[in-house]
Number of protein chains: 2
Amino acid sequence: MSLVETDDIEGGESISLHQRILSDIRDRILSGAWAPGHRIPFEHELTAQYNCSRMTVNKALSQLAKAGLIERRRRSGSFVRQPQSQAAVLELHDIRIEVEALGLPYRYERLERLKRRSSAEDRTLLGLNASGPVLALEGLHFAGERPFALEQRLINLSAVAEADEEEFLDIAPGPWLIGRVPWSEAEHRIRAMAADETIADALDIDASAPCLVVERRTWSAEHPVTHVRFIYPAESHTLVARFTPSQG
Amino acid sequence: MSLVETDDIEGGESISLHQRILSDIRDRILSGAWAPGHRIPFEHELTAQYNCSRMTVNKALSQLAKAGLIERRRRSGSFVRQPQSQAAVLELHDIRIEVEALGLPYRYERLERLKRRSSAEDRTLLGLNASGPVLALEGLHFAGERPFALEQRLINLSAVAEADEEEFLDIAPGPWLIGRVPWSEAEHRIRAMAADETIADALDIDASAPCLVVERRTWSAEHPVTHVRFIYPAESHTLVARFTPSQG
DNA sequence: ACGGCGATTATGTATATACATATTGGAACG
DNA sequence: CGTTCCAATATGTATATACATAATCGCCGT
């Protein structure tokens, strides 16, 4: 009777039982065999099917519920949810890695470094209420001899005081910050823009050529840390995001 | 989606113990109190601290590990991971919702509908190996009287046969598919582009004006389902992605 | 018929226990 | 001195059990 019983000899993989239950059910949902609204077997039925304890089944179902694939209702059972899950995992690229993946030598070059009391615009960008010291950086990421991206960054020195001791002459502030400040939240804005003269000049492209602009704000435990704007020439860059609707 | 849910209802009532342990530890990590590399207390220490069983502590730590915040090593303990976690949750917008959020009336209009055997290009876009029937759709999303986005879509009819019975005259294929096909994986490509004449014409903008292009491929249980390309005039659109660090 | 109330049921959380597994530190041995 | 091997230890998984909680079913009395 049991759907299981036999060990998978083939893969040689030894996955845990609750993991196996989880992926069995997930596969049935994702394949469409169990449509949205379908009631999946009760815990005690799965307990019998897999010949295991309720805790084991419960672990699998709880994870599926947390992942949003199913909905659990007391006294009624567990049901396949509507595939409403419009969330996704986006991979954020490290520009160095991206450039080196192209087989080109990477280099960062600082254009400007300015410490100042935050202007109104700075505070808007960072999401700050109070005034305080900020570090404004501008730099170029190169792929070989060609400019690859222009970076305009603000760092909130009240949150990252150590940044004041760093010159950022040839190390990019992004990796530097990532290695030092744990971030708890971030926000991206992605848009297209025509290059103005300054940008065209820095990136060595035609004025009004299309550019991809990626802006990121980052917080660490409620405190704004940094705002950065990356500007890429349209030809040089495609953002790629690959994802699954939920956890596996 | 982050497994480290922050569903802290501010009423603060009745959260489970393992949930509280989890968020205690998460807060210490995100606030920086426990830096990357720091060894967090052993399970048996937390057991004593919270006066609970090891299973309860284990549940909290397992979730933190799955979320990528900590790394667990047998015989050594659990350690705060480097904040390398460059993954993010991206909200995928439903264009209708987006337009209506602007206070403008939304409308979808089909420009073209073509059923054909997949061309080589179709197969590349969809990620198909074998030939088969596809549905090629082109349509315009309107915000009020102005074109808001141009949509070019391929649907793999071998995966979604029902689509052949739908005209898609004034209902957009996106929401139609989401309500019908559970997707298991997707891939986005985002880039900037200058409008060519066809696009400029459809969107009623100047030729060579910058546009944001979002391409999405979707799979359901290993089968390619659809490829869609959204083209937005640069002024009309900013993609926003807000997220917390999760899975590595 | 109808409304209320208790019994039933499925899930939610937690406990104590057991054994498996990976890894480390140190003792034993050549 | 170095290598092998064992015991200690922390995590990984699973069991059986218990009680709490929410929702539903159906009985019962008016």
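The values are calculated or read from the model by the stated rules, or taken from the named source; none is laboratory data. In this text, all values refer to a predicted model and were calculated from it rather than measured experimentally. All Cβ positions, glycine included, derive from the backbone under ideal geometry; neighbour counts span all protein chains shown. When the accessible area is computed, the model is the full protein with side chains, heavy atoms only, and any ligands, DNA or RNA have been set aside. Shrake-Rupley method; radii C 1.70, N 1.55, O 1.52, S 1.80 Å.
Taking the stated definitions as given, is A:Ala88 modelled with pLDDT under 95, surrounded by fewer than 18 Cβ atoms within 10 Å (Cβ to Cβ) and either within 16 Å of DNA strand D (Cβ to nearest atom) or in a strand (DSSP E or B) (or both)?
Considered against the rule, which asks whether it is modelled with pLDDT under 95, surrounded by fewer than 18 Cβ atoms within 10 Å (Cβ to Cβ) and either within 16 Å of DNA strand D (Cβ to nearest atom) or in a strand (DSSP E or B) (or both), A:Ala88 comes out as no.
Can you name the strands (runs of 3 or more DSSP E) wholly within the range A:154-248 that have at least 3 residues being open to solvent by 30 Å² or more (accessible area, probe 1.4 Å)?
Of the strands (runs of 3 or more DSSP E) lying wholly inside the range A:154-248, those with at least 3 residues that are open to solvent by 30 Å² or more (accessible area, probe 1.4 Å) span A:185-194, A:210-220.
Scanning for something outside any loop (DSSP other than H, G, I, E, B) and closer than 23 Å to A:Trp34 by Cα, does the range B:130-152 turn up at least one residue?
Within the range B:130-152, none of the residues are outside any loop (DSSP other than H, G, I, E, B) and closer than 23 Å to A:Trp34 by Cα.
Return the pair list, or none, for Cβ contacts closer than 6 Å from residues in the range B:52-72 that are assigned by TED's automatic domain parsing to the domain that holds B:Trp34 and more than 8 Å from DNA strand C (Cβ to nearest atom) to residues that are β-branched (Val, Ile, Thr) and open to solvent by less than 30 Å² (accessible area, probe 1.4 Å), at least 6 apart or on different chains.
From residues that are assigned by TED's automatic domain parsing to the domain that holds B:Trp34 and more than 8 Å from DNA strand C (Cβ to nearest atom), the pairs are B:Ala60/B:Ile21; B:Leu64/B:Ile70; B:Ala67/B:Val4; B:Leu69/B:Ile29; B:Ile70/B:Val80.
Residue by residue through the range B:58-70, note down the ones that are more than 8 Å from DNA strand D (Cβ to nearest atom), open to solvent by less than 80 Å² (accessible area, probe 1.4 Å) and of a type outside the set (Gly, Ala, Ser).
If the condition is that a residue be more than 8 Å from DNA strand D (Cβ to nearest atom), open to solvent by less than 80 Å² (accessible area, probe 1.4 Å) and of a type outside the set (Gly, Ala, Ser), then B:Gln63, B:Leu64, B:Lys66, B:Leu69, B:Ile70 are the ones that fit.
Here is a list of conditions, (1) free of Cβ contacts under 8 Å to residues at least 12 places away in the same chain; (2) more than 13 Å from every other protein chain (Cβ to nearest Cβ), and B:Leu154 meets all of them except one; can you say which number that is?
(1)
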